[in-house]
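In what follows, a single structure is set out as structure tokens and then discussed.
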4 protein chains.
Amino acid sequence: MYSNLSLGALGLSADFPTAVELAVRHGFGGLDADLDHLAAQGDQAAVREAAAAVSERGLRWGVAGLPVDLTAPATEFATQLANLPDRLTVLTAAGIPSVGTWLRPMHDDLSYRRNWVVHVSRLALVAEVLADAGLRLGLEYVGPKTFWSTERFPFIHSLSEVRELIAETGASNVGVILDAFHWYTAGETAADLVGLRDADIVSVDINDAPADRERDQQLDLDRRLPSSTGVIDLAGFMTGLRDAGYTGPVKVEPFLTTLAEQPIDDVLADVSSRLDAAIG
Amino acid sequence: MYSNLSLGALGLSADFPTAVELAVRHGFGGLDADLDHLAAQGDQAAVREAAAAVSERGLRWGVAGLPVDLTAPATEFATQLANLPDRLTVLTAAGIPSVGTWLRPMHDDLSYRRNWVVHVSRLALVAEVLADAGLRLGLEYVGPKTFWSTERFPFIHSLSEVRELIAETGASNVGVILDAFHWYTAGETAADLVGLRDADIVSVDINDAPADRERDQQLDLDRRLPSSTGVIDLAGFMTGLRDAGYTGPVKVEPFLTTLAEQPIDDVLADVSSRLDAAIG
Amino acid sequence: MYSNLSLGALGLSADFPTAVELAVRHGFGGLDADLDHLAAQGDQAAVREAAAAVSERGLRWGVAGLPVDLTAPATEFATQLANLPDRLTVLTAAGIPSVGTWLRPMHDDLSYRRNWVVHVSRLALVAEVLADAGLRLGLEYVGPKTFWSTERFPFIHSLSEVRELIAETGASNVGVILDAFHWYTAGETAADLVGLRDADIVSVDINDAPADRERDQQLDLDRRLPSSTGVIDLAGFMTGLRDAGYTGPVKVEPFLTTLAEQPIDDVLADVSSRLDAAIG
Amino acid sequence: MYSNLSLGALGLSADFPTAVELAVRHGFGGLDADLDHLAAQGDQAAVREAAAAVSERGLRWGVAGLPVDLTAPATEFATQLANLPDRLTVLTAAGIPSVGTWLRPMHDDLSYRRNWVVHVSRLALVAEVLADAGLRLGLEYVGPKTFWSTERFPFIHSLSEVRELIAETGASNVGVILDAFHWYTAGETAADLVGLRDADIVSVDINDAPADRERDQQLDLDRRLPSSTGVIDLAGFMTGLRDAGYTGPVKVEPFLTTLAEQPIDDVLADVSSRLDAAIG
């Protein structure tokens, strides 16, 4: 696995050439692509060239966002799905291997099984279109009870459920996006990671949680940098990834607004060193 | 539909002959059977005779409890299931038409879909054994969020879900047990009752809820007598039952420990009059 | 229900104004729309006017074809789905209430459950788009064993299965297209129609089967006009429709190439009289 | 993997001590247990002693039959399930690690999905009882189209389907029984075995098929000894087992009545040598 610089996930921003410099300077193994920047290069050959320049700096890609809203009304979803092949040409030209999205863990009208049909339906189609383009899809579950219990029907909010969902789609190019924060808030332990293989995991986030709240009171948008409070068993989590033979990107996504107030080089040096320590 | 005297659901007790007298005196249309009392009559002819005596007093039967634990370990469940036909002979001799149980709305280890398989599995078998004996099965869902959100995996806690479960069993002798308290706490309205037919409903409970708590803070074991606080739209609930052409028993189950401290005739006169007012 | 003239289903053709005249002359209650003819009228007001002219002749509409291939590759399906709202404007302007398609009853690669996921997925989306336009969808199952047994994995080929599929989509605007030939070849009887309501049935075909073949040897494309051989229990089939309170179109689809060799008025007089005799 | 002597599968019989001698004489690696013989030894200590004697001859056990009928009426199934723990004591005392049964690949009344619910239901319970005793369960699918197409609703008749079924039970002690004859008649190839691991396979049969019939005309009970006609790609099948790291028993089950007419030592020498050649 390799550390991945995702400025967006840190609440930071920079133009793409600067992001590349920052990633190199702070020793990241990869960074998130800037799709607008890539698309602006011109035709596919130009995109390939721009991507090659990044690769030559020793950087790999993080996961791009899936440009389809799985919960949109059917007509809107159909339009997004029909447009998806075109949207993917930049990604394939740049060599970005996978896209990801998260699963909304509740619904006010659809029971678990009705919502399941909606998700399987749409994911099966999305996965087939992505497979045609040689791309993988990562699905992130969201663990906090303060989130999944807020509407009438809780939905997928654990690793075992997202794996059931992936199996049901019948697609071989869909895997999970693991986040230590969701793993912890879902009440999962190292035992839940046993049996995972590299092919099952598309991307990984590591974070910590505030120490002054119980697990079931944790809030999705109030997290800490990895290994800062020790609430989350990061060692156990990383051991699970190593046992799975995971080879993909690892980033942090702490939703800490204070990061934007600090010198960016200080923040990235700290983040990179935390990622390196975790990856080992 | 008819008012049903269930002393147990009121937190009261009396020997069965006394219960029959109380039911008649306070104008109930039916009462819960005392299976031990019936079994103690001797052979099936004696049970039939005892049941006929109740019937001659103008009383019908409420729903008996299902003598099978749907969530027991497999070996224990298998033994209970194998013994079920014998356990049913008293019920069939007495002419009791249906048994009921409730569904635990969460699980700490089984995801929704894994728990679904367990429930469908066991209910399909139980329903087939009951059908052989000419009995129906009623399933009660439990609505309060303070209950279903307390373990890692919420499970069936709404009318739509219990109807999905019944459909999946493929059994035609399984229906729902409706409780106004669960209907309210599940966030359901009169619209959720549309389309129900008499055959879909096995039994009904009516209760009210304390006025000093929000819906999502209501507690399963803290209820009020019907039409005492007005928190629950009992009129809308009863209209739904009438539109369904419901013909079965209606009882109250308030979990009010104070009832046992009052004179039993005062309590039953009040309960009977509340049931009559609701049934109309 | 009403008799419906479908020249295509008879292997005949005529321009639309002629078809209307033929339908009126032979006493049909409705006819299939000619979507190209309607679209060629111009804007929606023109389509409405053309449809009104048909309505004034006392004719109702049959079911139009669904312009989406449920088994197309995902990208193709997505494009068809995205284009569907536009394709439906002629139908809604003309007041055509429903579209239909049939279900391929086998697959060489997809197991029953994998094919089920594909069908539920796509039907859920199609049904939602149709519902937005106020249209219903009819699904026809195909009964002959000589068809469903020809690949590795048989799929939906009976009424009970198509009803399970419809239930799983969760859509309230999807129903079944019944064909007496499929009902017979699927080994179904009048008992299988019990419980159907008008809302469950979108369209009906009646046909007979050759007398010199066993049920399991019947071929999908070798049928007879209704009540010509008596192989199929048409009386039982029609009783089922009447008990369901069916109000929609009834047509014949005999796949008899010989019809095109006879004078069209002779054919239509015969067909209309067979339909009237069946409808009663 | 090891060759397993199953006299019953060869249409032969012998008392158990003789069977042990035959297995040793002809170089088999294991043999089927004779449960009546073992039970007749007396208490569990006596069974353990008898089993130890077999083990000392260098023999391992084949799979025993599951003493539960998965398709029995519910009451009968419940009784068999309740009695199962007692029935298993001989097996566990003897150290027999697994039991097996086959899946009936069609039904005249239950649709695929209804039959699926029945099978998942019952297998989940059986697997839990077996797991409590430390036993695994093997499920054999039956491939010939001349079998699965003979009733209204085909059911599981392929490897992919039986694996879907096992996944749905959620049990970790259930695997597949592979038979080269079913693998061939189901239209499967070496590609279908890719991804199998030792833990997925409980037992294996190898057979060949008559050369004068097409695949879809093959009959379940008319088979040939392995490598006698070459119709079945035995080499590809065995490569799949080796790639899976399979460690369990391999036997033949040719349903050849002629074997009983030949000298038993001739038959077993031939069978053993065919098994050894295949296992390699």
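The values are calculated or read from the model by the stated rules, or taken from the named source; none is laboratory data. Quantities reported herein were computed from a predicted structural model and do not represent experimental measurements. For neighbour counting, all protein chains shown are included, and Cβ atoms are generated from backbone atoms with ideal geometry for every residue, glycine included. Surface areas here come from the heavy atoms of the whole protein model, side chains and all, with no ligands, DNA or RNA. Shrake-Rupley method; radii C 1.70, N 1.55, O 1.52, S 1.80 Å.
For this structure, a couple of remarks:
- The test for being in contact (Cβ under 8 Å) with a residue 60 or more places away in the chain and not small (Gly, Ala, Ser) does not hold for D:Leu225.
- When the stretch B:159-185 is limited to residues that are open to solvent by less than 10 Å² (accessible area, probe 1.4 Å) and in contact with a Lys or Arg (Cβ under 7 Å, 6 or more places away or on another chain), the one that is nearest to the other protein chains (Cβ to nearest Cβ) turns out to be B:Thr185.
- Matching residues, the stretch A:143-154, being more than 14 Å from chain C (Cβ to nearest Cβ) and in contact with a Ser or Thr (Cβ under 9 Å, 6 or more places away or on another chain): A:Gly143, A:Pro144, A:Lys145, A:Thr146, A:Phe147, A:Trp148, A:Ser149, A:Arg152, A:Pro154
- When the stretch D:4-33 is filtered for residues that are open to solvent by 50 Å² or more (accessible area, probe 1.4 Å) and not basic (Lys, Arg), the ones remaining, listed by number, are D:Gly8, D:Gly11, D:Ser13, D:Asp15, D:Pro17, D:Thr18, D:Glu21, D:Val24.
- Filter pass, D:Asp86 being away from chain B (no Cβ under 12 Å) and farther than 26 Å from D:Tyr2 by Cβ: no
- Filtered residue count, the stretch B:221-280, keeping only those that are small (Gly, Ala, Ser), open to solvent by 50 Å² or more (accessible area, probe 1.4 Å) and part of a loop (DSSP other than H, G, I, E, B): 4
- So B:Arg163, is it among the basic types (Lys, Arg), at pLDDT 95 or above and within 17 Å of the chain's Cα centre (by Cα): yes
- Tally of residues being within 14 Å of chain D (Cβ to nearest Cβ) and without any contact (Cβ under 8 Å) to a residue 40 or more places away in the chain across the stretch B:95-142: 4
- Residue match in the stretch B:133-146 (condition: over 19 Å from the mean Cα position of the chain (by Cα) and either modelled with pLDDT under 95 or among the β-branched types (Val, Ile, Thr) (or both)): yes
- Out of A:Thr71, A:Thr92, A:Thr79, sole residue that is of a type outside the set (Lys, Arg) and more than 13 Å from every other protein chain (Cβ to nearest Cβ): A:Thr92
- Some residue of the stretch B:207-216 being open to solvent by less than 10 Å² (accessible area, probe 1.4 Å), touching a residue at least 12 places away in the same chain (Cβ under 8 Å) and part of a strand (DSSP E or B): yes
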